[in-house]
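Since the structure comes first, as structure tokens, the remarks are kept for the end.
Just so it is clear, none of the values below were taken in a lab; they were calculated from the coordinates. All values reported here derive from a predicted model rather than from experimental measurement. Reconstructed Cβ throughout: ideal geometry from the backbone, glycine too, with neighbour counts over all protein chains shown.
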Amino acid sequence: MQRMVSQTYNVLLITVCALLGALSGFAGTSQAAGPALGPCEPGYVRHWQTEFPIMHVAMHAEVATPEISVPLEWLGHSSFLMTSPDGLRVLIDPSALYPPSLAPDVVTVSNLHGTHSAVEWVQGSPRVLWGLLLPDARWNRIALTIRDVSLFNIPSYASRTQLEESPVQNSIFVFRTGGFCIVHLGNLQHPLTAQQLQQLGTPDVVMIPVDGQWTMSYADVLRVITQLQPRLVIPMHIDVAPQADVFVRYTQGRYPVRRIAGRALLLRRADLPAATEIVVFSDQQH
């Protein structure tokens, strides 16, 4: 009887170790290869522990999950500096008017307008990823992983009505790092197509142009937010923070507003709201 119990225990122990090894291997592979390049699925990260309760049972204790944060700074216009948990600095849509304080490792360019593509003013020797290429402004497909950041782009179009029948005029960039899925829409000029929505999924954070004239109307901006249903909406394609308040007034209280002193936001999953929220920065310098 004692031998049978011992054998049963050994089998159970081997099974648990195998499961933990598989989970560990899965996590290790994911970390080494970077996050997936497919559509945003933030729910996967939120429910990680509940999907794998075996870890709680095997370890006889709560699993310690360190607080992972992703600093995101709005520099001005459509330019942002994002820093991954591993310290990789990604400059999005560089502008000569709003240089970052630190030299980036990677630069992404959504379109060829001077306020989005001023790579010649960027410090250091970063890797530059062009969403469109000269001389004919053709779309340049990108899908890669650099350290702990995975990113890819999808095209958007010049016409507000013909869409896919018109030339590509912009690249939408999707970034995955630190368990977040972050979308920069660049100079998007139209509500998203079914194909674009399928490729984008449901992001945690969306940077969206709200100038109301050169890109989309406010009505179309609201439609895109409804299409994507992100946790956080960050207005961009503006040059001073109070311009975002004009868009906020148009929403007539449809979404709650989080006001940030300065232009830096520390993304932490515990701070994400349950439903869509608009982030508005102040012009206070730091």
Original post:
Hey, rough spin-label estimate for residue 103 and residue 140, points 7 angstrom out along Cα→Cβ, what's it come to in nanometres?
Top reply: 2.1
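Taking the Cβ of residue 92 as the center, what net charge do the other residues with Cβ under 13 Å away carry, scoring Lys and Arg +1 and Asp and Glu -1? List each step's numbers first, then the result.
Working: positive: 89; negative: 73, 93, 105.
With Lys, Arg at +1 and Asp, Glu at -1, the neighbours total -2.
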Subject >> Radius 15 Å from Cβ of residue 223, net charge of other residues (Lys, Arg +1; Asp, Glu -1) >> reply: +1
